[in-house]
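**Student:** One structure, pasted below without further comment.
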Amino acid sequence: MDRETALRLYEAMLLTRLTEERLVKLFRQGKTLGSVYRSLGQEATACATAMALGPDDVIAPLIRNLGSMFVRGVTPREIFLQYLGRATGPTGGREHNNHFGAVARGIIAPTSMLGALIPVMSGVALSFRQKGERRVAMTWIGDGGSSTGAFYEGLNFAVVQRLPLIVVGESNGYAFSTPPDRQMVGRMSQRSQGAFTLTVDGNDAAAVYQAAAEARQRCLEGKGPAFLVCETFRMKGHAEHDDQRYVDPALLAEWATKDPLPRFEAWMQLRGWKPDAGLGPRIEAELLAAAEAALEAPWPDPASLQAGVFSS
Ligand SMILES: Cc1ncc(C[n+]2csc(CCOP(=O)(O)OP(=O)(O)O)c2C)c(N)n1
Ligand SMILES: [Mg+2]
């Protein structure tokens, strides 16, 4: 990874963390529609994987992959408008959190049905190959989501067809309150069904980037899909309404020492690279302004309720 990429990656991870902190404030003020789903401690698995892609590649993020959307050019302003349900947001108030697509920026909208994006993205990867395009599709799946039938069907199809698909597995200790050993035998990487599989320390942004770049290269060489399992930890509850009382505090304390942001900063420092000291305050100021603008934005007009709804 070169210096410029490292600095951009660090900025994306910091932006993700600070945006989510601002969202939590809005949630506590009762301003967001619905809860806030954070990726605290998992910023590297979302940002470093997306950072390894090319501009024509396509992603389909899940709720904990906000950082990948920032890497693709989504703005905090869009995220605030969406969480606040405003008319000028990406879905005009019809959806909340990060559930929206931005096809021009290579983002397929997430679906709530876990696992369903794997066959969808296999299809996207199939279309790339049929059109002879050198592009890669990427999506993410949690340890819980990898128990779905759709995960198996989608990945199996990609393996058999040798499609340019990267599935990032986020092994983060929990699915809601269920730890992996309550819903799978062995490790998440054993669910790879013959896909090229790499397991990496998901809190080491440089390692995640390198693994994703390798997976992408294999895809471009026609070697078939990759399953990139990132070992990480969900540092907050499933969402802000969940106080995670079922999580052993010792585990949280242990994983706090592996926080991806200071670790990546230390990695950069070894190379003599340093983020600009004003970066954090600048992002904070931008986020405050974007959140305030979103709070002033109009609500959707009730008369627009049926726009975009189809009936036969
Ligand atoms: C098919 C399906 N089953 C159940 C749910 C409800 N649900 C939403 S998030 C979640 C937990 C997901 O856990 P995991 O895949 O490990 O992702 P994480 O929340 O840890 O990032 C569940 C069960 C769903 N959205 N889709
Ligand atoms: Mg999980």
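**Student:** All but one of (1) more than 16 Å from ligand 2 (Cβ to nearest atom); (2) open to solvent by less than 10 Å² (accessible area, probe 1.4 Å); (3) farther than 18 Å from HIS99 by Cβ; (4) touching a Phe, Trp or Tyr at 6+ places or on another chain (Cβ under 6 Å) hold for ALA52; which doesn't?
**Tutor:** (2)
**Student:** With respect to TYR152, is the statement that it is closer than 23 Å to CYS47 by Cβ and not β-branched (Val, Ile, Thr) true? Before the answer, list the steps.
**Tutor:** Numbers: closer than 23 Å to CYS47 by Cβ: no; not β-branched (Val, Ile, Thr): yes.
No: the conditions fail for TYR152.
**Student:** Look through region 101-129, keep the residues that are within 13 Å of ligand 1 (Cβ to nearest atom) and aliphatic (A, V, I, L, M), and return whichever of them is surrounded by the fewest Cβ atoms within 10 Å (Cβ to Cβ). Don't jump to the end; show me each part of the working.
**Tutor:** At the first step, the residues of region 101-129 found to be within 13 Å of ligand 1 (Cβ to nearest atom) are 110-119.
Pick out the ones that are also aliphatic (A, V, I, L, M) and you get 113-114, 116-118.
Numbers: MET113: 10, LEU114: 20, ALA116: 20, LEU117: 27, ILE118: 28.
Looking at residues that are within 13 Å of ligand 1 (Cβ to nearest atom) and aliphatic (A, V, I, L, M), I get MET113.
**Student:** Also, I was wondering about something else. Given the structure, is ASN98 modelled with pLDDT under 95 and within 16 Å of ligand 1 (Cβ to nearest atom)?
**Tutor:** On the way: modelled with pLDDT under 95: yes; within 16 Å of ligand 1 (Cβ to nearest atom): yes.
Yes: the conditions hold for ASN98.
**Student:** Just to be sure before I move on: is LEU81 out of contact with any Lys or Arg (no Cβ under 9 Å at 6 or more places or on another chain), within 12 Å of ligand 1 (Cβ to nearest atom), at pLDDT 95 or above and under 30 Å from ALA297 (Cβ atoms) in the structure I sent?
**Tutor:** On the way: out of contact with any Lys or Arg (no Cβ under 9 Å at 6 or more places or on another chain): yes; within 12 Å of ligand 1 (Cβ to nearest atom): no; at pLDDT 95 or above: yes; under 30 Å from ALA297 (Cβ atoms): yes.
Spelling it out, it is not the case that LEU81 is out of contact with any Lys or Arg (no Cβ under 9 Å at 6 or more places or on another chain), within 12 Å of ligand 1 (Cβ to nearest atom), at pLDDT 95 or above and under 30 Å from ALA297 (Cβ atoms).
**Student:** May I ask you to list the residues in region 247-287 that are in contact (Cβ under 8 Å) with a residue 24 or more places away in the chain, among the aliphatic types (A, V, I, L, M) and part of a loop (DSSP other than H, G, I, E, B)?
**Tutor:** VAL247
**Student:** For region 203-228, which residues satisfy the criterion of being more than 16 Å from ligand 2 (Cβ to nearest atom) and assigned to a loop (DSSP other than H, G, I, E, B)?
**Tutor:** Matches in region 203-228: ASP204, GLU221, GLY222, LYS223, GLY224, PRO225.
**Student:** Being buried (at least 19 other Cβ atoms within 10 Å of the Cβ) and within 15 Å of ligand 2 (Cβ to nearest atom), is that true of even one residue in region 245-252? Lay out the reasoning, then the answer.
**Tutor:** As a first pass, look at region 245-252 and keep what is buried (at least 19 other Cβ atoms within 10 Å of the Cβ): 247.
When the remaining residues are screened for being within 15 Å of ligand 2 (Cβ to nearest atom), the result is 247.
For region 245-252, residues buried (at least 19 other Cβ atoms within 10 Å of the Cβ) and within 15 Å of ligand 2 (Cβ to nearest atom): present.
**Student:** Which of the following residues is within 25 Å of GLU231 (Cβ to Cβ), away from ligand 1 (no atom under 14 Å from the Cβ), touching a Pro at 6+ places or on another chain (Cβ under 9 Å) and not polar (S, T, N, Q): ALA12, ALA52, ALA60, ALA46? Walk me through how you get there before you give the answer.
**Tutor:** On the way: ALA12 fails: touching a Pro at 6+ places or on another chain (Cβ under 9 Å); ALA52 fails: touching a Pro at 6+ places or on another chain (Cβ under 9 Å); ALA46 fails: away from ligand 1 (no atom under 14 Å from the Cβ).
Only one candidate qualifies: ALA60.
**Student:** LEU66 - would you say it is modelled with pLDDT of 95 or more and more than 13 Å from the chain's Cα centre (by Cα)? Outline the logic, then answer.
**Tutor:** On the way: modelled with pLDDT of 95 or more: yes; more than 13 Å from the chain's Cα centre (by Cα): no.
It is false that LEU66 is modelled with pLDDT of 95 or more and more than 13 Å from the chain's Cα centre (by Cα).
**Student:** Quickly run through region 201-246 and pick out the residues that are without any contact (Cβ under 8 Å) to a residue 60 or more places away in the chain, within 16 Å of ligand 1 (Cβ to nearest atom) and within 30 Å of PRO119 (Cβ to Cβ).
**Tutor:** Selection gives GLY237 alone.
**Student:** Could you tell me whether GLY144 is within 12 Å of ligand 1 (Cβ to nearest atom) and within 16 Å of the chain's Cα centre (by Cα)? Walk me through how you get there before you give the answer.
**Tutor:** Values: within 12 Å of ligand 1 (Cβ to nearest atom): yes; within 16 Å of the chain's Cα centre (by Cα): yes.
Answer is yes for this residue.
So that you can scan it fast, the table gives a plain yes or no per residue for (1) within 16 Å of ligand 2 (Cβ to nearest atom); (2) within 18 Å of ALA50 (Cα to Cα); (3) crowded, with 23+ Cβ neighbours inside 10 Å:
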site	(1), (2), (3)
LYS131	no, no, no
THR148	yes, no, no
VAL167	yes, yes, yes
GLY173	yes, no, no
ARG182	yes, no, no
ASP201	no, yes, no
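**Student:** Sticking with this structure for a sec: With the requirement that a residue be part of a helix (DSSP H, G or I) and open to solvent by less than 20 Å² (accessible area, probe 1.4 Å), what does region 184-199 give you?
**Tutor:** Residues of region 184-199 that are part of a helix (DSSP H, G or I), as a first pass: 188-191.
Hit for region 184-199 is MET188, nothing else.
**Student:** Still on this structure, please answer the following. Those residues that are within 25 Å of ARG282 (Cα to Cα), more than 16 Å from ligand 2 (Cβ to nearest atom) and of a type in the set (A, V, I, L, M, F, W, C), I need them from region 55-93; list them, please.
**Tutor:** MET69, PHE70, VAL71, VAL74, ILE79, PHE80, LEU81, LEU84
The values are calculated or read from the model by the stated rules, or taken from the named source; none is laboratory data. Since the model is a prediction, treat every value here as computed from it, not as a measurement. As a convention, Cβ positions derive from the backbone with ideal geometry for all residues, glycine included, and neighbour counts pool all protein chains shown. Side chains are part of the model used for accessible areas, which takes the heavy atoms of the whole protein and leaves out ligands, DNA and RNA. Shrake-Rupley method; radii C 1.70, N 1.55, O 1.52, S 1.80 Å.
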